[in-house]
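The structure appears below as structure tokens.
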Amino acid sequence: MSHVRLAEIIQKRHAVIGVVGLGYVGLPLIRAFTAAGFRCMGFDVDQTKVDKLRAGESYIKHIDSAAIGQLIREKKLEPTADMSRLSEPDCIIICVPTPLNESRDPDLSYIEGTAHSIAKTLRKGQLIVLESTTHPTTTRVNVWPVLEATGLKCGADYFLAFSPEREDPGNPTFHAATIPKVVGGFDEKSGDLACAMYSHAVVNVVRASSMEVAEACKILENTYRAVNIALVNELKILYDKLGIDVWEVIEAAKTKPFGFQPFYPGPGLGGHCIPIDPFYLTWLARKHGEQTRFIELAGEINTHMPHYVVGRLAEFLNDQRKPINGSKVAILGVAYKKDIDDPRESPSFELLRLLRERGAELSYNDPHVPTLPRMRHYPDLPAMHSQALTADYLEAQDCVLIATDHSAYDYDFIVEHSRLVVDTRNATKAVKCGRQNIRKA
Ligand SMILES: NC(=O)c1ccc[n+]([C@@H]2O[C@H](COP(=O)([O-])OP(=O)(O)OC[C@H]3O[C@@H](n4cnc5c(N)ncnc54)[C@H](O)[C@@H]3O)[C@@H](O)[C@H]2O)c1
């Protein structure tokens, strides 16, 4: 199939879209393409996920099970763990994980594994787009040679592009279809085809001159967040010493109509992206004999935040003549940010670890995370279940530590029934009664 034919079926929305990796990114993307009238195939190595989707069940809180069920019944989505069927879709979008390995270097094994799976069945007229967040040159260095080894030629037989995913789970304003998409092609034809495909499903497609520009763009976006969050985290510590509330300062500063964008401090960074992606660039910089000092410094400051919070919590308990050792501490929120069910890289795990080390009697509540999942880096944390947030439960605690500012929380109720609330998110800002029991950290 020539690129003309592929362009034609994309134009008519007859092209089948295959999404590899049905996680927080892949599933919303399928929703955007099916909503645009395309038939989708979903590929994942996790058979449990495939089975759930086939049964019309979503495993991601903000993706509705009923909507998945309807897509399955109407045959608009076919989930499968059978990678030999990668020959069937006309366009394949890769959304697999890009974590760091034990030595905090990029782990590209998921991307490379997927490239090998695609290569096994690669046929003429397929478009392959990598969406996983990664450092510039990955598509050209780690994907293209694997596909090229099949003997097919990129730009003539098959087509290749990179388009970073900007999904923001839990964001009520933006979702996959309403977030502009940056696209960089291996060559002109690949770029044209990828832009044409996305233009049906997303609000705006921004053409980059190369795959590398598109790759670098995503890392810039995430580094920008990591650095700015580190800045306000550092200022939080200083301003607190000066008796100035950093959140009030940010509210005041953001009234400037230009040149300032607000970022907010917290107990540390979390999630699959901001604490990880900038270090892909650091690794690449090292390879080129360069440094990424902003990234390293931001990492240092953000990693220190849980230690700062626990230090402050110890001082607040001390004011009440209590040591951490033996005190009952309830953590509110183990998801890495508000209103989502994703605990990956959440600073709450580090808070739990530090408090446990100091002898606190720990429990937690999170309306979105009923059971504390096992985390690779925290093998010693005991199995825990989210506790009901009753008046009795709160009154039994020596300290309630707000780590994630979920909207579902009734902060008036929490403050009313707690002896000491340590608030790392300024979640209690609107609470009127009982403010003498609130401490910010
Ligand atoms: N979660 C976010 O908010 C977000 C936002 C923007 C970008 N990203 C990036 O998108 C990518 C995917 O992230 P995610 O949060 O969706 O991850 P995820 O862990 O939720 O989903 C990834 C899925 O890929 C599957 N998978 C792993 N290896 C596979 C293989 N070889 N073949 C097929 N499936 C495979 C896993 O089973 C999993 O279901 C990452 O690069 C991430 O950095 C994530």
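Bear in mind these aren't lab numbers, they're just calculated from the coordinates by the rules spelled out. Just so it is clear, the model here is predicted, and its values are computed rather than measured. Here Cβ is always computed from backbone atoms with ideal geometry, including for glycine, and neighbour counts include all displayed protein chains.
General remarks:
- Inter-site label distance for Arg358 and Lys432 at 7 Å from Cα along Cβ, in nm: 3.4 nm
- Prolate/oblate/rounded call for segment 1-69, Cα gyration tensor, a/c under 1.5 rounded: prolate
- Convex hull per residue volume in Å³, alpha carbons only, for segment 38-100: 107 Å³
- Integer Hz, Karplus 6.51/-1.76/1.60 couplings in order for segment 118-131, x for Gly and Pro: 5, 4, 4, 10, 4, 10, 4, x, 9, 10, 10, 10, 8, 10
- Reachable lysines, given that their alpha-carbon falls under 20 Å from the alpha-carbon of Lys49 and they are not under 8 places away in the same chain: Lys61, Lys75, Lys76
- The value for segment 355-424 of Rg(Cα) / (2.2 N^0.38 Å) is 1.14.
- 3J(HN,Hα) from dihedral phi, segment 374-389, Karplus parametrisation 6.51/-1.76/1.60, rounded to Hz, x for glycine, proline: 5, 10, 3, 7, 10, x, 8, 5, x, 4, 9, 10, 4, 8, 5, 8
- Binning all Cα-Cα separations of segment 165-289 at 5 Å, short to long from zero, yields these whole-percent fractions: 2, 9, 13, 16, 17, 16, 12, 8, 4, 2, 1, 0.
- All aspartates and glutamates inside 18 Å of Lys328 as judged from Cα atoms, apart from same-chain residues fewer than 8 positions distant: Glu315, Asp319, Glu350, Glu357, Glu361, Asp366, Asp392, Glu395, Asp398, Glu416, Asp423
- Zero-based 10 Å bins, Cα pair distances in segment 125-179, whole percents: 21, 41, 24, 13, 2
- Ordering of 412-422, 253-263 by packing is 412-422, 253-263, highest average first (other Cβ atoms within 10 Å, averaged per residue).
- Relative to one another, the C-alpha centroids of segment 298-343 and segment 209-245 are positioned 21 Å apart.
- Ratio of the Cα radius of gyration of segment 38-172 to 2.2 N^0.38 Å, where N counts its residues: 1.12
- Evaluating 6.51 cos²θ - 1.76 cosθ + 1.60 at θ = phi - 60° for every residue in segment 16-31, the Karplus couplings come out as 8, 9, x, 10, 9, x, 9, x, 4, 9, x, 5, x, 5, 4, 4 Hz, glycine and proline recorded as x.
- Principal axes of the chain: Cα extent on each, largest first, Å: 76, 50, 43
- Residues in segment 124-159 reached by a label modelled at Glu188 [backbone nitrogen below 14 Å; 7 Å Cα→Cβ]: 155-156
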